[in-house]
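Report on one structure; see the data block that follows.
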Amino acid sequence: MPPDPITPVLEADVDPLDETPDDVEMSLFDHLEELRQRIFWALAAFGVATVGCFIGVKPLVRFLEAPAGPVKFLQMAPGEFFFVSLKVAAYSGLILSSPMILYQIIAFVLPGLTRRERRILAPVVFGSSILFILGLAFAYGVLVPAALKFFLNYGADVVEPLWSIERYFEFILILLLGTGLAFQIPVIQFILSALGLVSPRQMLAGWRYVVLAAVVIGAILTPSTDPLTQILLAGAIAGLYLGGIGVAVLVMPNR
């Protein structure tokens, strides 16, 4: 019987980069058990980091109060500073435990990734971490001082700045976390381009919608209502988007 001519053609058409080298069949129970263990270690890392931050929370509070300058903070209700300390410790613990949480996520999904997807895993993790830190630094060094200066100067000749410590930390923590997440835009662009879903040319063609979205995101992520902070964040988002297009062109020139 002559060999089937279709089989060699099909095997030749299979791209090695689309194969999953560690693909192992597991039952649903095994998947759920592994997921339970991953979640347990992620929560354990978060809990340990949060407890550690709560023990040393006062230096963290002073560090976050520094951009306010001479403003005096008031405790408007019993236990207000205690709950503020819990929030600061939880946010700080989440940031410190994020490498462990990210590791558990990667370890869970890695067996199902193809070689093509694994090639972009390291740049994505590294770039995401760097951009998140840059986002925190940008919010702390630029956005927060600009917003606080606006509010202080606006009513300086009318009211004395005595702020609720809870409201202040709601403002600064949300702004820090929101800016860190907004700085992940180039990472998303890199993933879309590397997987061939969106080309840099298509990204550039939609710049008008990106500018509009940047303004909307800037208004949503900034807990204050001052236009200066919103404009600064919207400008940073638009700049990151253009930078993400440049990275996509350099990394994937053929696309």
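The values are calculated or read from the model by the stated rules, or taken from the named source; none is laboratory data. This one's a predicted model, so the numbers in the text were calculated from it and none came from an experiment. Quick reminder, even Gly has a Cβ in these numbers, built from the backbone with ideal geometry, and neighbours come from all protein chains shown. What goes into the accessible areas is simple: the full protein's heavy atoms, side chains included, and nothing from ligands, DNA or RNA. Shrake-Rupley method; radii C 1.70, N 1.55, O 1.52, S 1.80 Å.
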- prompt: If you check I165, I191, which single one turns out to be among the aliphatic types (A, V, I, L, M) and over 30 Å from E80 (Cβ atoms)?
  reply: I191
task: Can you tell me which residue within segment 62-81, out of those that are under 27 Å from the mean Cα position of the chain (by Cα) and free of Cβ contacts under 8 Å to residues at least 40 places away in the same chain, is most open to solvent (accessible area, probe 1.4 Å)?
output: R62
message: So, V210, is that one modelled with pLDDT of 80 or more, of a type in the set (A, V, I, L, M) and out of contact with any Ser or Thr (no Cβ under 9 Å at 6 or more places or on another chain) or not?
response: yes
field: Close pairs (9 angstrom Cβ cut-off, 6 or more residues apart or separate chains): under 13 Å from G135 (Cα atoms) in segment 232-246, outside any helix (DSSP H, G or I) and at pLDDT 85 or above anywhere
entry: A236/F183; I237/F183; L240/F183; L240/Q184
- request: From (1) under 24 Å from the mean Cα position of the chain (by Cα); (2) exposed (fewer than 15 other Cβ atoms within 10 Å of the Cβ); (3) within 30 Å of A234 (Cα to Cα), pick out the condition that doesn't hold for A89.
  value: (2)
message: crowded, with 17+ Cβ neighbours inside 10 Å and under 24 Å from L60 (Cα atoms): is that true of I165 in this structure?
response: yes
message: If P59 satisfies all but one of (1) exposed (fewer than 13 other Cβ atoms within 10 Å of the Cβ); (2) farther than 22 Å from A137 by Cα; (3) out of contact with any strand residue (DSSP E or B) (no Cβ under 7 Å at 6 or more places or on another chain), what's the number of the condition it fails?
response: (2)
- line: Exactly one of G178, G127 is under 24 Å from L195 (Cα atoms), touching a helix residue (DSSP H, G or I) at 6+ places or on another chain (Cβ under 6 Å) and surrounded by 15 or more Cβ atoms within 10 Å (Cβ to Cβ), and that one is G127
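Being over 15 Å from the mean Cα position of the chain (by Cα) and open to solvent by less than 40 Å² (accessible area, probe 1.4 Å) is the filter here, so list the residues in segment 226-238 that pass it. Full working, then the answer.
First, pick out the residues of segment 226-238 that are over 15 Å from the mean Cα position of the chain (by Cα): 226-232, 234-235, 238.
If the condition is that a residue be over 15 Å from the mean Cα position of the chain (by Cα) and open to solvent by less than 40 Å² (accessible area, probe 1.4 Å), then D226, T229, A234, A238 are the ones that fit.
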